[in-house]
1. For the residue pair D101 and F66, what label-to-label distance in nm results when each label sits 7 Å from Cα along the Cα-to-beta-carbon direction?
2. Quick one: dipole size for the chain, taken about the Cα centre, charges +1 on Lys/Arg Cβ and -1 on Asp/Glu Cβ, in debye to the nearest 20.
3. Counting heavy atoms of the protein chains only and a 1.4 Å probe, report the per residue accessible area for the chain as a whole number of Å².
4. Relative to the longest principal Cα axis of the chain, at what angle does helix 181-190 sit, 0 to 90 degrees, rounded to 10?
5. Which value in nm describes the separation of the simple spin-label points at S300 and Q134, placed 7 Å from the Cα toward the beta carbon?
6. Ranking request for peptides 111-122, 282-293: highest mean number of other beta-carbon atoms within 10 Å first, then the rest in descending order.
7. Based on the Cβ-Cβ distance of S125 and E236, what FRET efficiency does E = 1/(1 + (r/R0)^6) give at R0 = 56 Å, to the nearest 0.05?
8. Give me the three principal axis extents of segment 47-203 from the C-alpha atoms, as integers in angstrom, largest value leading.
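The values are calculated or read from the model by the stated rules, or taken from the named source; none is laboratory data. All values reported here derive from a predicted model rather than from experimental measurement. As a convention, Cβ positions derive from the backbone with ideal geometry for all residues, glycine included, and neighbour counts pool all protein chains shown. Just so you know, the surface numbers come from the protein's heavy atoms only, side chains and all, with ligands and any DNA or RNA stripped out. Shrake-Rupley method; radii C 1.70, N 1.55, O 1.52, S 1.80 Å.
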Amino acid sequence: MEEVAVVENKKVILKNYVDGIPTETDMELKMGDTIELKAPKGSSSFLVKNLYLSCDPYMRSRMRDFHGSYLPPFLPGQISFLILMQRIEGFGVARVIDSDDPNYTPGELICGITGWEEYSLLRNSNELQLRKIQLDDAIPLSYHLGLLGMAGFTAYAGFYEICSPKKGESVFVSAASGAVGQLVGQLAKLNGCYVVGSAGSKQKVDLLKNKLGFDEAFNYKEEADLDAALKRYFPEGINIYFDNVGGSMLDAALLNMKVHGRIALCGMVSLQSLSSSSQGINNLYNAIPKRLRLEGFLQSDHVHIFPQFLEHVKEYYKEGKIVYIEDMSEGLELAPAALVGLFSGKNVGKQVVRVANE
């Protein structure tokens with residue numbers, strides 16, 4: 001009888017539900033659990049070794065006890081749609097170690113929802129959004145979580161499907177140096193638009209202007225009047241606002257939109273609590289006389305254009321027409337700090353955690 005290797009499987013778990021912004025103490029690195037490096041026979045599952053994990057703002061909403069969203073909450077200490085789930089989960093890049101699913105072969109690389117742990121036992125389902133990765137020496141493997149992953153596709157789908165850009169239009173992007181915003185701005189420039197981004201530090205503003213090719217950028221923390229700031233950069237108004245933050249920035253943008261402007265509602269990271277917001281939108285009336293279109297969206301609504309996205313963005317990257325900035329944390333033990341850092345702007349670019357070196 002073949003002997004199956006058993007190894008320790010460190011994992012990050014959620015200790016309690018969180019209402020506001022999560023802290024590192026809301027999570028715990030759990031040691032001592034073991035796992036067999038074998039997919040159970042007859043389980044139709046496959047075992048993967050996690051290589052990279054993605055930190056994304058949407059994960060915050062899964063840390064609260066709320067069941068009315070498009071994704072269920074994490075269930076501390078209970079079963080999720082992953083097998084044997086007592087951990088946080090999110091998008092990751094992993095290598096198949098063993099498989100009882102004929103569609104997945106040991107050695108293959110996959111991207112999709114996996115556990116925040118060293119090894120995960122997965123069973124394919126729509127919720128996991130799994131896809132196989134073809135290695136390309138010109139593109140770092142971790143970019144399948146950012147540029148070629150959920151963040152990049154969110155930027156692509158939101159900009160083209162929701163914003164419907166036209167050459168010569170004025171585009172404003174908030175959280176512009178983040179995983180999504182940095183690509184939106186570069187796509188806008190490739191489409192012949194005038195692009196301005198906002199960010200939360202001088203370093204990020206410099207990146208936007210000097211590395212990512214934005215026409216202008218400003219530090220919103222240094223602006224006492226966001227309406228005045230937008231009027232300074234968009235004296236004739238904004239055609240497209242790609243909104244990653246909501247709150248007072250969205251309110252200011254509503255005052256500065258052109259007639260028939262489009263606002264893509266991608267994220268609301270400015271909200272301190274996702275359960276109840278004390279800050280309303282005061283300038284929504286402007287949507288009526290200006291005939292604005294405000295539309296919230298999920299990247300998963302647009303999967304039919306994913307092959308087109310991969311083709312175009314890979315080509316842009318290889319031709320040097322776009323660049324991508326990544327913020328890498330080394331080791332699973334740093335995953336809680338990396339995730340929490342998103343909500344105070346500590347990351348510069350797409351936040352990724354390297355779990356293992358192959």
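1. Inter-label distance under the simple model: 3.0 nm.
2. Details: 36 positive and 43 negative charges, 213 e Å.
Value, rounded to 20: 1020 debye.
3. Details: 15800 Å² over 358 residues.
Averaged over the residues of the chain, the accessible area is 44 Å².
4. The angle comes out at about 60 degrees.
5. 2.7
6. On the way: 111-122: 24.7, 282-293: 13.2.
Highest mean packing first, the order is 111-122, 282-293.
7. Numbers: r = 49 Å, r/R0 = 0.87.
Efficiency computed from Cβ-Cβ geometry: 0.70.
8. Principal axes ranked by extent give 53, 41, 31 Å for the Cα atoms.
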